[in-house]
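Chemist: Got a structure for you, questions after.
The values are calculated or read from the model by the stated rules, or taken from the named source; none is laboratory data. Please read all numbers here as calculations on a predicted model, not as lab measurements. As a convention, Cβ positions derive from the backbone with ideal geometry for all residues, glycine included, and neighbour counts pool all protein chains shown. We work out accessible area using only protein heavy atoms, side chains counted, and drop any ligands, DNA or RNA first. Shrake-Rupley method; radii C 1.70, N 1.55, O 1.52, S 1.80 Å.
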Amino acid sequence: MSGLVGVVDGPRAADTQDPLPLLRAGRGWTKFVAPAFSLALLAAVAWQFRRLDLPNLRALMPTGIGFWLAFAVYYFMSPATEWVIFRRLWNIPASGFIALVRKLVSNEILLGYVGELYFYTWARRNAHITAAPFGAIKDVTILSGLVGNFVTLAMVIIAAPLFGALHLGIPARSFVGSTIVVLGISLGILVLRNRLFTLPRKELWRIAGLHLARVMTTTIVAAVMWHLLLPDVALSWWLLLGTLRLLVSRLPLLPNKDVVFAGLASFLVGNDVPLATAMALMAALILATHLLLAAILAAGDLARRHGR
């Protein structure tokens, strides 16, 4: 079902238009966005590379093939899910997966949601669509956050009794109460869904289902990686840390969320050195992957443009 953007009923059709008059003016301006993103990514890579302790990272590097298979699934699950979504919506080519990987690394090492701007410009130039893609990208992004919020809330409810048992000094009631804002935002989106969403309801449910599968898969795979690193750690810790990771992932406009999560996890586990080391290792591996892919994609894009 290609070209679903713009297939809406009644007065909501106006929502599929570009959000700003400048964006409605044409496609000429989009040719300058990709080089700007590439330069920004290279600058961010150079700046953040100093944060990596490469000798220590090499010393702690896992060697089991199972861990690296799980890591690949964990890292590429998000762009793969979005590729399936936009493949159905716009019949995007295989190169769309690379664009979505660039969207991921842009969000993580530059600023949250800046990757959506890049993908917006890519879609205008490469996707098989006749209407502006802003509406569909907006819907997919909102649904991703909405599904993530509900999964996070469910995990918080499940993990709340563990706080007292693990003697973390954090009252379960306070922890659950701090997530009320998550539920409030989600309920607000549901109340305003007729004004916010532009895609047909059936398509929205399908996209929500894909996002749910993505969130559940990455949460389970993350626990598998932690277990492969530290097989003797109790399941309760993985449940608690998985909940914390979901909470951090809900924070908007925050780059390097895995690094933030590792810092919070290290503070949470205190003197449990192996556990803190495993969290720091995971954060370093993810950051290194972000930087490596960002450098490759940005350099490749600039080289192609220079060759023209």
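Chemist: So, R0 is 22 Å and r is the distance between the beta-carbons of L39 and T141; what FRET efficiency does that work out to, to 0.05?
Modeler: Working: r = 25 Å, r/R0 = 1.12.
The pair L39/T141 has a calculated efficiency of 0.35.
Chemist: Also: Rounded to the nearest 10 Å², what accessible area does V114 show when all protein chains are kept and the probe is 1.4 Å?
Modeler: 40
Chemist: Next up: Taking the Cβ of T141 as the center, what net charge do the other residues with Cβ under 10 Å away carry, scoring Lys and Arg +1 and Asp and Glu -1?
Modeler: Details: positive: K138; negative: E82, E116, D139.
Around T141, the surrounding residues sum to -2.
Chemist: If R₀ is 51 angstrom, what is the calculated FRET efficiency for the pair L292 and I157, using the beta carbon separation as r and rounding to 0.05?
Modeler: Details: r = 37 Å, r/R0 = 0.73.
Efficiency at R0 = 51 Å is approximately 0.85.
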